[in-house]
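Accompanying notes for the structure given below.
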Amino acid sequence: MSVITVSEVTKVYNPDKIPVYAVNGVSITVEKGEFIAVIGPSGSGKSTLLNMIGGLDEPTSGEVVIGGHRLSELSEKQLIRFRREHIGFVFQSFNLIPVLTAQENMEFVMLLLGDDKVKRNNRVKELAVEIDLEGKLNSKPSELSGGQQQRVAVARALAPKPTFILADEPTANLDSKSAFKLLDIMARLNEEEKITFIFSTHDPRVISRAKRVINLVDGKIESDVINEPS
């Protein structure tokens, strides 16, 4: 079942002067339960592509369809709601709210969606077990290690049970031990719960775990191959 369809998507900056094609005619289809690494050198368009899939950036041309919904047809208000309900975001800088506890950060999107306290608490407890942070729910980000903060960020993305997760360089600021633990957690969630993950990454640790690797060069797909995770 297709979760995402990207059709001939292009993103051009400075179109009226010297045009720069960040993404140039990219088409991909993502099925439920995929574990994809989008790779390529700096400036190849990886983050731009993820931002367009996530509705954070609007294509110059082409179309992104998620679960039958054309993002270009949604109003700004509808798009904000759609992102909250369907797309989980994980960034390399964690983006946790420093004054909130781990639990409050994890349930933040659910709170915005109007979920009641009991539902939020139950979901956070469930996720805390999944990400091995049961004893840290009352800790604030400054009291957590980098790896623990990133796991909170992953739990926040997973909390509303999104259609898929977009992870932009999620291991870039982590040491090897923390990165491997995070990848183990995400790979297990992918295998057991069929959660779809799309990574933008330079990290060979992520690439080696991916089931599919899409290589972007100069905004175009150079290769799109099935990978045997190591």
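Closer than 26 Å to E191 by Cα and in contact (Cβ under 8 Å) with a residue 12 or more places away in the chain: does that describe D57?
No: the conditions fail for D57.
Is the range 46-62 home to any residue that is modelled with pLDDT of 95 or more, over 19 Å from the mean Cα position of the chain (by Cα) and within 17 Å of S2 (Cβ to Cβ)?
Yes, that holds for at least one residue.
Can you tell me which residue within the range 9-33, out of those that are among the hydroxyl-bearing types (S, T, Y) and more than 19 Å from the chain's Cα centre (by Cα), is farthest from E191 (Cα to Cα)?
Taking the candidates together, the pick is Y13.
Yes/no matrix, rows are residues, columns are (1) surrounded by 20 or more Cβ atoms within 10 Å (Cβ to Cβ); (2) modelled with pLDDT of 95 or more; (3) on the phi > 0 side of the Ramachandran plot; (4) in contact with a strand residue (DSSP E or B) (Cβ under 9 Å, 6 or more places away or on another chain):
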{"residue": "S7", "(1), (2), (3), (4)": "no, yes, no, yes"}
{"residue": "Y21", "(1), (2), (3), (4)": "no, no, no, yes"}
{"residue": "E31", "(1), (2), (3), (4)": "no, yes, no, yes"}
{"residue": "V65", "(1), (2), (3), (4)": "no, yes, no, yes"}
{"residue": "I80", "(1), (2), (3), (4)": "no, no, no, no"}
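Under 7 Å by Cβ, and 6 or more places apart or on different chains, what pairs join a residue from the range 155-181 that is within 22 Å of K46 (Cα to Cα) and modelled with pLDDT of 90 or more with one that is part of a helix (DSSP H, G or I) and among the hydroxyl-bearing types (S, T, Y)?
Once the first residue is within 22 Å of K46 (Cα to Cα) and modelled with pLDDT of 90 or more and sits in the range 155-181, its partners that are part of a helix (DSSP H, G or I) and among the hydroxyl-bearing types (S, T, Y) give D168/S47.
Taking the range 82-124 as the search range and keeping residues that are among the basic types (K, R) and under 17 Å from the mean Cα position of the chain (by Cα), which one is surrounded by the most Cβ atoms within 10 Å (Cβ to Cβ)?
Going through the qualifying residues, I end up with R83.
With respect to F89, is the statement that it is over 24 Å from Y13 (Cβ atoms) and of a type outside the set (S, T, N, Q) true?
No, not satisfied.
Taking the range 190-210 as the search range and keeping residues that are surrounded by 14 or more Cβ atoms within 10 Å (Cβ to Cβ) and over 16 Å from the mean Cα position of the chain (by Cα), which one is farthest from D168 (Cα to Cα)?
Top of the filtered list is S208.
Would you be able to tell me the number of residues in the range 185-210 that are part of a helix (DSSP H, G or I) and more than 22 Å from S93 (Cβ to Cβ)?
Count: 7.
Here's a check for you: in the range 125-143, which residue that is hydrophobic (A, V, I, L, M, F, W, C) and at pLDDT below 95 is surrounded by the fewest Cβ atoms within 10 Å (Cβ to Cβ)?
V129
Just to be sure I understand the filter: pairs with C-beta atoms under 9 Å, separated by 6 or more residues or on different chains, first member in the range 88-117 and under 22 Å from T196 (Cβ atoms), second member crowded, with 21+ Cβ neighbours inside 10 Å and among the hydroxyl-bearing types (S, T, Y). Which pairs pass?
Q92/T171
The values are calculated or read from the model by the stated rules, or taken from the named source; none is laboratory data. Computed from a predicted structure; not experimentally measured. Virtual Cβ from ideal backbone geometry, glycine too; neighbours counted across all protein chains shown.
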